[in-house]
């Protein structure tokens, strides 16, 4: 509408100037015509602007009401069970889950993970890999069966207690505004500087921090623009290492870095996994060859499980995924 108003002004000025030059119109008439046209287009422009604001308001209101209508989180039990010492034995017993009541995602899934073992979860997009660890963290509540930690149903524990025993390293590295030392100590506020440095050395963070002008006191912003993507990922691994959780979840932590940095992150995660029950979600199968157990998921169901060598010998879904990545096999997409 502003463009139309300005275009109208130009047309009136040009035509009026020609009429004034030819003597058929006075300069005052042209000025009055311009003023009247401005007064006419101004309220129309305001109405158009109000319509735009109303559309934005309606879109915002839909989001607000969607939040208000969302299902409330189930409260923690009144008398929760607390584990004095966590060994890391995890069991899924006939677990069922669905986001949509009409569309089952995970149905009758059973799994037992021994303390200190590494479980790798692979499969196509939408197979339910991340959903599995979300259920373990109680970000969603299961619709059937139960999940136990050291024989205790996690539904009888508080979410805070359960999540305090779990460390996560995600694909998107999250940092906050502060020093590198503060970012590493985020999961363990009582950590000393010596403990922070020891965690950094164990996860290969120390090697690049020493090159920074202020070392561990280097201030980074929330976007982490002063460090690279791989260095941000290493800092999150060091954070999990310092927190020393009983259960570790690695969700595609090396997918957005180069090969050299991937090797460093992989070494750091190997140090982090020592003595801990680990769940590794990976698309790069090269990162999970040494896993104690590999689960292959399709449509919320575990279709294969075993070691790397056993699954290759089975010539099933895992072998096809492996061939697609390393043998460049032709895959027919239906």
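The numbers here are math on the coordinates, done by the rules we state, and not lab data. On a predicted model such as this, the values are computed, not experimentally measured, just so you know. Positions of Cβ are backbone-derived with ideal geometry, glycine not excepted, and every protein chain shown enters the neighbour counts.
Annotations for the structure displayed:
- Between residue 6 and residue 58, the FRET efficiency estimated from the beta carbon spacing at R0 = 35 angstrom works out to 0.75.
- Seen against the Cα atoms of the chain and their longest principal axis, helix 2-22 is set at about 20 degrees.
- Between helix 27-68 and the chain: long-axis angle, C-alpha atoms, 0 to 90°, nearest 10: 20
- Antiparallel bridge percentage (DSSP; both residues within the chain; nearest 5): 55
- Sorted by Cβ density within 10 Å, fewest first, the residues 297, 50: 50, 297
- Sequence of 315, 87 once ranked by neighbouring C-beta atoms within 10 Å, starting from the fewest: 315, 87
- Peptides 300-308, 51-59 ranked from most to least packed by the mean count of surrounding Cβ atoms within 10 Å: 300-308, 51-59.
- More than 27 angstrom apart: percent of Cα pairs within the chain: 61
- Net lengthening on full extension, residue 201/residue 160 (0.36 nm per residue, minus Cα-Cα): 11.9 nm
- Rounded FRET efficiency, nearest 0.05, which uses the C-beta distance separating residue 310 from residue 67 and R0 of 41 Å: 0.30
- Angle between the chain longest axis and helix 229-243 axis [Cα atoms, degrees, rounded to 10]: 50
- Multiplying the residue separation of residue 112 and residue 15 by 0.36 nm and subtracting their alpha-carbon distance yields 26.4 nm.
- Compactness of region 2-68 - radius of gyration and Dmax, Cα, Å: 20.0, 68
- Sorting 279, 176 by the number of Cβ atoms found within 10 Å of their own Cβ, with the fewest placed first, yields 176, 279.
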